[in-house]
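For reference, the structure discussed in these notes is given below.
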Amino acid sequence: MPATVAEDLEATLSRILAARERQISLRNRRVEQLTQLLDYLRVRLSTFLTTTDPISGTRLLDVGADEVRGQGGLAIIVAAFDGSRLKIAVDALGRYSFASHPEALGDVGTILDVRVSPDFTSAVYDFVPASLESGTLTGDIDTLVLALLDHAALTIEAATEQP
C-alpha cells in the first residue's frame, strides 16, 4: 500500500530530528574530549603557565577555552608569548577544526578524534593530514605543543642574535 504524503512528511521529520540528535550527541562527546584536553594541557604545561617572560611580564604560555554560546561549540587555544598559537575547536555540529600560527606547526588537515588518558599522562588525536587525500594517522598532542614552544624559542633566539 503506497504511503501518503502526510506519512512521508512525518517520516522525513523523524529522520531530520534523529539526525540532529546524533549531531548533538557527537558535539557533546567532542566538547567533553576538549574539556579533558584542556585539563591535560593545564597539568602538563603548568610550569610554562606560571612562568613569566622577564622582558614583557606576560606568561610564557597561556591555555584557554572559548565557548561559542548559543551554539554549543568549544575551542581550546594554546598561545605562546611570541604570538604563536594553536587552536582545536568543535563547532555546533560536532565537527573538529584545527588552526595554527604559524601554519608550519603541523600537517593537520582534519581532526577525527581526541583522547586523553584518565591519568593525564598522554593525549593523542586521530587526523587526516592536509597533504593526504585519505588515510588516518595518530599524533601526540605534546608534539604539537612542542612545535609551538620550539617556534617561540627560535623566534627569541633569532632576535637575541641580532647585532
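The values are calculated or read from the model by the stated rules, or taken from the named source; none is laboratory data. Predicted model only: the values in this text are computed from it and were never measured. Cβ coordinates were reconstructed from backbone atoms using ideal geometry, including for glycine residues, and neighbour counts include every protein chain displayed.
Summary of computed values
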{"item": "Filtered residue count, segment 68-78, keeping only those that are crowded, with 19+ Cβ neighbours inside 10 Å and among the small types (G, A, S)", "result": "1"}
{"item": "Qualifying positions in segment 25-66 - under 16 Å from R85 (Cα atoms) and assigned to a strand (DSSP E or B)", "result": "R59, L61, D62, V63, G64, A65, D66"}
{"item": "Residue within segment 115-129 that is closer than 26 Å to S46 by Cα, out of contact with any Ser or Thr (no Cβ under 7 Å at 6 or more places or on another chain), in a helix (DSSP H, G or I) and not polar (S, T, N, Q) present", "result": "no"}
{"item": "Failed criterion for L86 (all others in (1) part of a strand (DSSP E or B); (2) surrounded by 17 or more Cβ atoms within 10 Å (Cβ to Cβ); (3) touching a Lys or Arg at 6+ places or on another chain (Cβ under 9 Å); (4) at pLDDT below 95 hold)", "result": "(3)"}
{"item": "Filter pass, D62 being surrounded by 12 or more Cβ atoms within 10 Å (Cβ to Cβ), among the acidic types (D, E) and under 14 Å from the mean Cα position of the chain (by Cα)", "result": "no"}
{"item": "Residue count for segment 108-146, restricted to those that are over 25 Å from V31 (Cβ atoms) and surrounded by 12 or more Cβ atoms within 10 Å (Cβ to Cβ)", "result": "2"}
